[in-house]
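Q: Here's a structure for you.
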């Protein structure tokens, strides 16, 4: 089998290509404006869904606990969290746009580095924020169910509640967060890593991504 | 801007088609990938400043998309192989000449074999088959020219083996 044979066969498939294109010529712009579904776009989409769902949940909680004496903490925490998230999303988008797209390998490496950093940072943030949120929620629920706020602020009661919930919730949150983050983002990052590894195979290229 | 974009795509639709066929083995994935490449090209079209050749820009964006393309999950209907779909299309209407049919079979076998290569190797072999030099391929992918040369030799060997196993020589 000679190489020119393959090249000739390859050239012959141009006919198929133009036949296919003829079918969709009028549709090209409509198709080009559809929503993207590749790895990177899916991650962006997932982040957006989370942001909207989070805001909706926070608004819902605010109305549900409107009469609760701890509502100020909930509101303050929510505002702080979303200001922080908004700023971090803004920085990420800025970095995302500045990724060098000169060639396939560099852009994959750039996306990978950015996503890995954000992924790790978000996981750590969730490990810290979620137990606090749960504990606060637990305390608010206690008051909502008729518990006495003054009983709760007794140092020993508060310490026990916080201690037990920190241990129990810490373990649950660690486990759930890992699974959730992997499902939402980790699996896509792994795919990108695989693509990058294949492009950098055999050690001939120096990888800056780790 | 739209007219220019449409004109560019019409001129270079072969690149998109060949990349989509090399990276998708099922018709439904082929259509998704082709569309995904159009989306990414349209999104980056405004940023294309003409520093590179148009075909080089299309290769970069389209290959980047193909390499990071994931199949949509949980599809219900049974999928059709791209090859089978192409064959059905080819069999429609007037019966083809034997030579044309053989040509079609060879094209399908070539795509089937390319489909079985790892993703990064598919990118390199299709650039090679398109007649791109090692330098151009290295520039598009972002690897060294020497590496392209070494890889192409290996990929071709593997491709020939796959084609032989599929009975390419007997057509």
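Q: Which whole number gives the average, over all residues in A:56-68, of C-beta atoms from other chains lying within 10 Å of the residue C-beta? Mind showing how you got there, number by number?
A: Values: counts 0, 0, 0, 0, 0, 0, 0, 0, 0, 0, 0, 0, 0.
The per-residue average across the peptide is 0.
Q: What is the average number of partner chain Cβ atoms found within 10 Å of a Cβ in B:23-34?
A: Details: counts 0, 0, 0, 0, 0, 0, 0, 1, 3, 2, 2, 4.
Counting other chains' Cβ atoms within 10 Å and averaging over B:23-34 gives 1.
Q: Can you quote the Å³ per residue value for the convex hull of the Cα atoms in the stretch A:68-135, rounded to an integer?
A: Working: hull volume 4.6 nm³, N = 68.
Residue-normalised Cα hull volume stands at 67 Å³.
Q: May I ask for the Kirkwood hydrodynamic radius of the stretch A:38-199, worked out over all distinct Cα pairs and given in angstroms to one decimal?
A: 18.1 Å
Q: In addition: Subtract the Cα-Cα distance of residue A:55 and residue A:79 from 0.36 nm times their separation in residues, and report this length gain in nm to one decimal. Intermediate values should be presented prior to the final figure.
A: Details: separation 24, 0.36 × 24 = 8.64 nm, distance 0.99 nm.
Gain in length upon complete extension: 7.6 nm.
Q: Sort B:110-119, B:54-63, A:161-170 by packing, meaning the average of other beta carbons within 10 Å per residue, with the highest value first.
A: Averaged packing, sorted descending, gives the order B:54-63, B:110-119, A:161-170.
Q: Okay, moving on. Kindly state, to the nearest 0.05, the FRET efficiency for residue B:158 paired with residue A:128, given R0 = 45 Å and r defined as their beta-carbon distance.
A: On the way: r = 49 Å, r/R0 = 1.10.
Given R0 = 45 Å and the Cβ-Cβ separation, E is 0.35.
Q: Could you work out the mean count of beta carbons from other protein chains within 10 Å of each residue's beta carbon in B:120-130? Before the final figure, lay out the partial values.
A: Details: counts 10, 2, 0, 4, 1, 2, 1, 0, 4, 7, 3.
Counting other chains' Cβ atoms within 10 Å and averaging over B:120-130 gives 3.
None of the figures in this text is laboratory data; all of them are computed from the coordinates on show. Remember, predicted model here, so these are calculated numbers, not experimental data. Cβ sites come from the backbone with ideal geometry, for glycine too, and all protein chains shown count toward neighbours.
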